[in-house]
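To start, the structure under review is shown below, and the notes come after it.
The values are calculated or read from the model by the stated rules, or taken from the named source; none is laboratory data. Predicted model, so just to flag it, every value in this text is computed and none were measured. Cβ placement follows ideal geometry from the backbone for every residue including glycine, while neighbour counts extend to all protein chains displayed. Protein only, heavy atoms only, side chains kept; ligands, DNA and RNA dropped before computing areas. Shrake-Rupley method; radii C 1.70, N 1.55, O 1.52, S 1.80 Å.
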Amino acid sequence: MSEQAGDDHLPNDVPAVQTALVEWYEADHRDYPWRQTDDPYEILVSEVMSQQTQLDRVVAAWEDFLEQWPTVADLAAADRGDVVGFWTDHSLGYNNRAKYLHEAARQVVEDHDGQWPRDPDGLSELMGVGPYTANAVASFAFNNGNAVVDTNVKRVLYRAFDVPDDDSAFEETAQRLMPEGRSEVWNNAIMELGGVACEKTPDCDGAQCPWREWCSAYQSGDFTAPDVPTQPTFEGSRRQMRGRVISVLNEYDELALDELGPRVRVDYAPEGEYGREWLRGLLSDLDDDGLVTLTDGVATLSRT
DNA sequence: TTCCCGCAGT
DNA sequence: ACTGCGGGAA
């Protein structure tokens, strides 16, 4: 019972494993602009954008976003529709994340007098900030986080140390592996490892993976990775239709149902299967999500 | 097709 | 524990 899960998966010489990774990272790594700042606002923006969007596409969006809303106070004062519109203009995916980011900015300004929480627990109170993002921001802004566990970290630990595909085991092992007080460099480094050396298709020798001598997968040649749940088909999905509604409303400010419908689905027919009834349901959900306002049959992006 | 630095609501 | 959430790129 006192034996911590995951403990027995680590090599004996943990300090050597730690040093190898940190030195590998510091010798050479991708130079994303958010790695040049310790501003928690700028870090949070980068993390939220990165959650489901490839990093190379995030760079331009991140720079544009910070140009438009340079501080957390600027974002807190912004119109919700402008933030959501920005999100769709930059193809950043999940519009709810734009709302969360906007809401989190307001929380910092209104609930914390503009002062950012400096630890994972405090950061977790912010809208849209879960365990991963709380530790990422605490680490990269304040060097004060716990070990991050995302799909990259899971894949690395699963392969290198045969950690079972179990969230608590990953969390436990990741934390025991992280050098005390060095969350900033460590969390950057282990995710960099997953990003450039230990991807789905590994590149151990090409990336000169610093863990080859300890790595179970490198020894066995079995580079199986934990299952990542696959998403249902996007084409024709409700998610796609929601995205189109946001995109169209961003372009037209406001539209009546029968004006909006054909721009969302070419086969829109007011009385058909995909007609007013269907569109009203879609808009009702978007309204509940705080993304769209539907009043008197006219839809707009949410203002507040 | 699959991947991509998760989270909130229920 | 389970479900919904976008969309570009490889």
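Percent of Cα-Cα pairs more than 16 Å apart in region A:33-142, please. Numbers along the way, then the final one.
Values: 3176 of 5995 pairs.
When every Cα pair of region A:33-142 is considered, 53 percent fall beyond 16 Å.
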Q) Label A:A60 and A:S91 with points 7 Å out from Cα along Cα→Cβ: what is the distance between them in nm? A) 0.9 nm
**Q.** Per-bin percent of Cα-Cα distances, chain A [10 Å]
**A.** 6, 24, 27, 22, 14, 6, 1
Q) Assuming a viscosity of 0.890 mPa s and a temperature of 25 °C, what translational diffusion coefficient in µm² per second does Stokes-Einstein assign to region A:238-301, Rh being the Kirkwood radius over Cα pairs? A) 218 µm²/s
Q) Which of A:L301, A:P40, A:Y218 sits farthest toward the positive end of the charge dipole of chain A, with +1 on the Cβ of Lys and Arg and -1 on the Cβ of Asp and Glu? A) A:L301
**Q.** Sequence-distant residues sharing a close amide H with A:Y274 (under 5 Å, placed H)
**A.** A:A269
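Whole number in Å², please: accessible area per residue of chain A, 1.4 Å probe, ligands, DNA and RNA not counted.
Values: 15270 Å² over 304 residues.
I get 50 Å² per residue for chain A.
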Q | Using θ = phi - 60° and Karplus 6.51 cos²θ - 1.76 cosθ + 1.60, couplings along region A:80-93 (whole Hz; Gly, Pro as x) | A | 3, x, 5, 5, 5, x, 4, 4, 6, 4, 9, 6, 8, x
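State, as an integer percentage, the relative contact order of region A:33-142 based on alpha-carbon contacts under 8 Å between residues 6 or more apart.
Values: 115 pairs, mean separation 35.1, N = 110.
Relative contact order, region A:33-142: 32 percent.
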Q. Which cross-chain or sequence-distant (5 or more) residues have an amide H under 5 Å from the amide H of A:V292, H modelled 1.01 Å from N in plane?
A. A:D287, A:S302
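Using unit Cβ charges (K, R positive; D, E negative) and no other charged atoms, how large, in debye to the nearest 20, is the dipole of chain A about its Cα centre? Please list the in-between numbers first.
Values: 24 positive and 58 negative charges, 110 e Å.
Approximately 520 debye in magnitude.
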Q. Could you give me the ³J(HN,Hα) list for region A:291-304, computed from phi with Karplus coefficients 6.51, -1.76, 1.60 and θ = phi - 60°, whole Hz, x at Gly and Pro?
A. 9, 10, 10, 10, 10, 6, x, 10, 9, 9, 5, 4, 7, 4
Q: May I ask you to evaluate 6.51 cos²θ - 1.76 cosθ + 1.60, the Karplus curve with θ = phi - 60°, for each residue of region A:245-256 and list the ³J(HN,Hα) values in order in whole Hz, giving x for glycine and proline?
A: 4, 4, 4, 5, 5, 5, 7, 10, 6, 9, 8, 6
Q.
If every alpha-carbon in region A:95-235 counts as one equal scatterer, what log10 I(q)/I(0) does Debye give at q = 0.14 1/Å?
A. -0.74
